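Peer 1: Below you will find the structure I want to go over with you.
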Amino acid sequence: MLIWGCTLFRGRWSRPWGAALLERFHHPAQVVVTGFLVTIVTGALLLSLPAATADDGSASPVEALFTATSAVCVTGLVLSDVGERWSTFGELVILGLVQVGGLGLMTLATLFAILLSGRLGLRARLAAQVETKTLRPADVRRVVRRVVVFTLASEAVVAAVLTGRFVAAYGEPPGRAAYLGVFHGVSSFNNAGFTLWPDGLVRFAEDPWIILSVSAAVIVGGLGFPVVFELARRWRRPRGWSVLTRVTLAATAVLLAGGTLVLSAAEWNNPGTLGGLRESDRLPVGFMMAVMPRSGGLNAIDVSEMRTESWLVTDVLMFIGGGSAGTAGGIKVTTFGLLAFVLWAEMRGEEHVNVGHRRLPEGTARQAISIVLLGIAMVTGGTFALLVMTSHTLDRVLFEVVSAFGTVGLSTGITAGLPQAGQLLLIALMFVGRIGPLTLATALALRERTRRYELPVERPIVG
């Protein structure tokens, strides 16, 4: 979808139709929401074509919509095996939707605008700013170019490693190996969770080349583009890192290390998961188990065989997700890290929240709290609704709901058997989880209102 284009009107070039379109929206977030909806519907229509399925029939509207939403929202939840259900055309449609969803619809639209016109209006820049999370509208053009180049380069590196491994270790023909490498390279970097095998990556659980390669791609893609770019510029000067980079890296390290230790310990002797592997392979797979809830969604073990306590830990990791402005979902590690500083400041009785040698504005803390509360409300409501619709236990339903909201894609195996109403509910959760609860709430507001007076202060009892 092109944001910027030119049309002929009365024999002369009129104002770009993209600008007129943007003028109809009161907030750039509305453009993002509308753009994602249009992309999902387009993908669903393509997947509904008979050519998209491997058999003679075509996909049902719900299945096509579910798969398109899962792809655009880079989730990975599916109602049927991708490699068996969809034809090559269908797989390429899914791959394209994953790429569009990973980069962000507004990022692609901004790139097209640059290529076509070489200039952007303020509203178009603001629309792209919502998606790329850049701090200044003037930075959008430069950032978008770097985002696209970095994304394609990262995917190419992962695809090359996987292709070589498929040829050397598994005897795949070069053409087939390249196709598998590209598909899973794009899927892993974009934290999409789609695979072409019915068991995910379980067959490669004892191959550290594949396990660690896709894990690294998920981590890099989930850090967030601002963090990656800052590390590339200032990796030798950590004292000059921004609050965003410091909080993201610290929270990511803590969650990865803690998740690896807890999940590995819980599943070490479980014959259905790590216990069935050689001891030398258990720790790498345990590390992958901690990485994939960031929103990666790829699995090297049977998730349905995990212990209940491991599901709970994974629920927490999926809800937190990855970095801001990256391909991961969830409330974001930045939100989680900032709330830790808010809690610390409150425990110490400090008036302001400080991170290192910087003070956070009050609006940032309120935004973080709003995102968490909206996320909890979505997960709680979705879990309650699915419990009413089905006879599944709470632990499995909660896992599925958090996986959809966090755009993760890990599943205990109940998604395909849910009633149609339950599948539509997961579609809504995937969509909200991708664009963000706060972005959706902002987009639904018809206008921004500024209070022109202050009310008297009264402090209620808290706690």
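The values are calculated or read from the model by the stated rules, or taken from the named source; none is laboratory data. These numbers come from a predicted model, not from an experiment. Note that each Cβ is placed from the backbone with ideal geometry, even for glycine, and that neighbours are counted across all protein chains shown. To get the accessible areas, we keep the full protein, side chains included, count just its heavy atoms, and leave off ligands, DNA and RNA. Shrake-Rupley method; radii C 1.70, N 1.55, O 1.52, S 1.80 Å.
Peer 1: Would you list Ser324, Ser310, Ser58 from the most to the least accessible area, probe 1.4 Å?
Peer 2: I get Ser58, Ser324, Ser310, largest accessible area first.
Peer 1: Okay, moving on. How much of the accessible area of segment 288-401, probe 1.4 Å, is carbon plus sulfur, in whole percent?
Peer 2: 62
Peer 1: Would you mind getting the accessible area per residue of segment 148-209, heavy atoms of the protein chains only, 1.4 Å probe, in Å²?
Peer 2: 40
Peer 1: What whole-number value in Å² describes the accessible area per residue of segment 36-85 for a 1.4 Å probe?
Peer 2: I get 37 Å² per residue for segment 36-85.
Peer 1: Please list Leu37, Leu249 in order of solvent-accessible area, largest first, computed with a 1.4 Å probe with all protein chains present. Mind showing how you got there, number by number?
Peer 2: Working: Leu37 85, Leu249 45 Å².
Largest accessible area first, the residues go Leu37, Leu249.
Peer 1: Let me check something: with ligands and nucleic acids excluded, how do His357, His352 order by accessible area (1.4 Å probe), largest to smallest?
Peer 2: His357, His352
Peer 1: Computed FRET efficiency, Cβ-Cβ of Tyr170 and Glu305, R0 22 Å: what is it to the nearest 0.05? Don't skip to the end; give the middle numbers.
Peer 2: Details: r = 25 Å, r/R0 = 1.11.
Result of the calculation: an efficiency of 0.35.
Peer 1: Let's test the formula: R0 of 25 Å, r as the Cβ-Cβ distance of Asp199 and Thr88. What FRET efficiency results, to the nearest 0.05?
Peer 2: According to the calculation, E is roughly 0.75.
Peer 1: Now for a separate question. Hey, with R₀ at 30 Å, roughly what FRET efficiency would Asp81 and Ser280 work out to, going by the Cβ-Cβ distance, to 0.05?
Peer 2: Rounded to the nearest 0.05, the efficiency is 0.50.
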